[in-house]
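Novice: Dumping the structure here so I can ask a few things about it.
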C-alpha cells in the first residue's frame, strides 16, 4: 500500500519568508499526489495535485509543489508567506497499486506565520 | 461552498443517544467517503461507497452505521458512542473511474460525546 510521510508536525515562518512543507511518499508504482489545506473548523480544500504530467505543479494561493521521483518527494513551497496561510496542510496519495480510490493522508503539518 | 454539504455542523450527544450525520454532494460524483479526524491523529478513512455500494469498511466499530441511499447522499448513524468518538467527521466525494481525481470535502461535523 502507498503511504505519505510529512516531516515536521509544526512549521513556523515569518511573514514574507519562504514556506517549505515536506512530503515523502512510498510507492511501487507512479503515484498521484495531492496537497490539501485545512483552516480551523473547516473541511479540506485542494491546493494542487500531481497526476504525472508536469513535475512542477502550481496551485491556488501561490503554492506550488515539485514531484521528484529520485527523492520520492512532493514538497510544497510558497515564496512568501502571508498571515492567511496559517493552517494545517495535508499531503495525500491515491493507491494505483491496488486501485483503491480513497486517498491516504499524511499526518499533517501545522503552519504558523509570525508577523 | 465546496459542493459537499454536511449537517449538522456541531453535535453534542450523550452516550445513550442515537443521532445521524448527513452529507449531500451536488457535484455529480459517484464515490463518497466518511473520514474521522481526531486531535493529534491522522485522518482516518472509515467507509467508502461507490455507486451506492459500500466498498470499504476500515474496521469501524458497529456503533457507526453508514447508509448511502443514492450517489448524492451519505449518512452516518450513531448509537451508544463513547467519549473517544468525539472528533470532526468529514464527508468527501469524488468522481469514480480514475484515481487522479481529487476528493472534495464538506466542512465537517464536530461531534462531542458526553
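Novice: When residue B:52 is evaluated against the numbered criteria (1) surrounded by fewer than 21 Cβ atoms within 10 Å (Cβ to Cβ); (2) without any contact (Cβ under 8 Å) to a residue 40 or more places away in the chain; (3) under 19 Å from residue B:88 (Cβ atoms), which criterion, by number, is the only one it fails?
Specialist: Of (1) surrounded by fewer than 21 Cβ atoms within 10 Å (Cβ to Cβ); (2) without any contact (Cβ under 8 Å) to a residue 40 or more places away in the chain; (3) under 19 Å from residue B:88 (Cβ atoms), only one is false for residue B:52: (3).
Novice: Right, residue B:74: free of Cβ contacts under 8 Å to residues at least 60 places away in the same chain, at the interface with chain A (Cβ under 9 Å from one of its Cβ atoms) and either touching a helix residue (DSSP H, G or I) at 6+ places or on another chain (Cβ under 9 Å) or within 30 Å of residue A:29 (Cβ to Cβ) (or both) or not?
Specialist: Spelling it out, it is not the case that residue B:74 is free of Cβ contacts under 8 Å to residues at least 60 places away in the same chain, at the interface with chain A (Cβ under 9 Å from one of its Cβ atoms) and either touching a helix residue (DSSP H, G or I) at 6+ places or on another chain (Cβ under 9 Å) or within 30 Å of residue A:29 (Cβ to Cβ) (or both).
Novice: Oh, and also: If residue B:99 meets every condition in (1) surrounded by fewer than 18 Cβ atoms within 10 Å (Cβ to Cβ); (2) at pLDDT below 95 apart from one, which number is that one?
Specialist: (1)
Novice: Among the residues of the stretch A:1-18, count how many are farther than 16 Å from residue A:73 by Cα and not in a loop (DSSP other than H, G, I, E, B).
Specialist: Just the residues of the stretch A:1-18 that are farther than 16 Å from residue A:73 by Cα, to begin with: A:1, A:9-18.
Narrowing the set further to residues that are not in a loop (DSSP other than H, G, I, E, B) leaves A:10-14.
Residues that pass the stated criteria total 5.
Novice: Could you identify the single residue in B:113, B:60 that is surrounded by 15 or more Cβ atoms within 10 Å (Cβ to Cβ) and within 14 Å of chain A (Cβ to nearest Cβ)?
Specialist: Numbers: B:113 fails: within 14 Å of chain A (Cβ to nearest Cβ).
Answer to the selection: B:60.
Novice: Just to be sure before I move on: is residue B:80 on the phi > 0 side of the Ramachandran plot, touching a residue at least 60 places away in the same chain (Cβ under 8 Å) and surrounded by 14 or more Cβ atoms within 10 Å (Cβ to Cβ) in the structure I sent?
Specialist: Judged against the criteria, residue B:80 is a match.
Novice: Whether any residue in the stretch A:71-87 is at the interface with chain B (Cβ under 10 Å from one of its Cβ atoms), at positive phi and in contact with a strand residue (DSSP E or B) (Cβ under 8 Å, 6 or more places away or on another chain) is what I want to check.
Specialist: no
The values are calculated or read from the model by the stated rules, or taken from the named source; none is laboratory data. Values in this document were obtained by computation on a predicted structure and should not be read as measured data. Glycine also receives a Cβ, built like all others from the backbone with ideal geometry; neighbour counts cover every protein chain displayed.
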